[in-house]
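Chemist: Below is the structure I would like to discuss, written out as structure tokens.
The values are calculated or read from the model by the stated rules, or taken from the named source; none is laboratory data. Bear in mind that the values here come from a model prediction, so they are computed numbers and not experimental data. Note: ideal-geometry Cβ built from the backbone for every residue, glycine included; neighbour counts use all protein chains shown.
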Amino acid sequence: MCMSLSILAHRGGQRFVATCEHATLHLRWNHTMLLIHPESFGQLCALLDRRAECTVDHAIHTSGMGLYFLPNGMLQLWIAGTGLALQPMEAELLADMLAEADALRFGEPPHAECGSALAYTREYRAHELAQPSGASLN
């Protein structure tokens, strides 16, 4: 059971990527929480980077994940049996958030457009450090 989450990237509301003491990545997108192994997280980032290749006739797959373009213009992202329906702008937002989290977990600076989320992350981490030992993210 994960006792402590550190936010890596946040995009408002219930959309964030966090890591726990086990190095598992926690992807929260609205009402869905996915726990992703660190190696699979890199594959997820790579899959979303290829979203422009996705068409109604051409889905993109990688081990346990798939990206599908629907006739109504939405994208479906499937991760280990859980699907997210995304508008094109939401897919951009998700890809940006994942790229920021991926960079931060390796100590790299995020892209310039990630500045506001990075400020939130630093503010949250400062708050987290001020919490008594054992406090958890709600």
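Chemist: Any residue in segment 77-96 that is touching a Cys at 6+ places or on another chain (Cβ under 8 Å) and farther than 21 Å from residue 26 by Cβ?
Modeler: No, the conditions are met nowhere in segment 77-96.
Chemist: Is segment 19-31 home to any residue that is out of contact with any strand residue (DSSP E or B) (no Cβ under 9 Å at 6 or more places or on another chain), among the aliphatic types (A, V, I, L, M) and under 21 Å from residue 103 (Cα atoms)?
Modeler: Yes.
Chemist: When you look at residue 51, is it of a type in the set (D, E, K, R), in contact with a helix residue (DSSP H, G or I) (Cβ under 9 Å, 6 or more places away or on another chain) and touching a residue at least 60 places away in the same chain (Cβ under 8 Å), yes or no?
Modeler: Considered against the rule, which asks whether it is of a type in the set (D, E, K, R), in contact with a helix residue (DSSP H, G or I) (Cβ under 9 Å, 6 or more places away or on another chain) and touching a residue at least 60 places away in the same chain (Cβ under 8 Å), residue 51 comes out as no.
Chemist: Residue 12 is checked against (1) modelled with pLDDT under 90; (2) within 11 Å of the chain's Cα centre (by Cα) and fails just one. What number does that condition carry?
Modeler: Unmet condition: (2).
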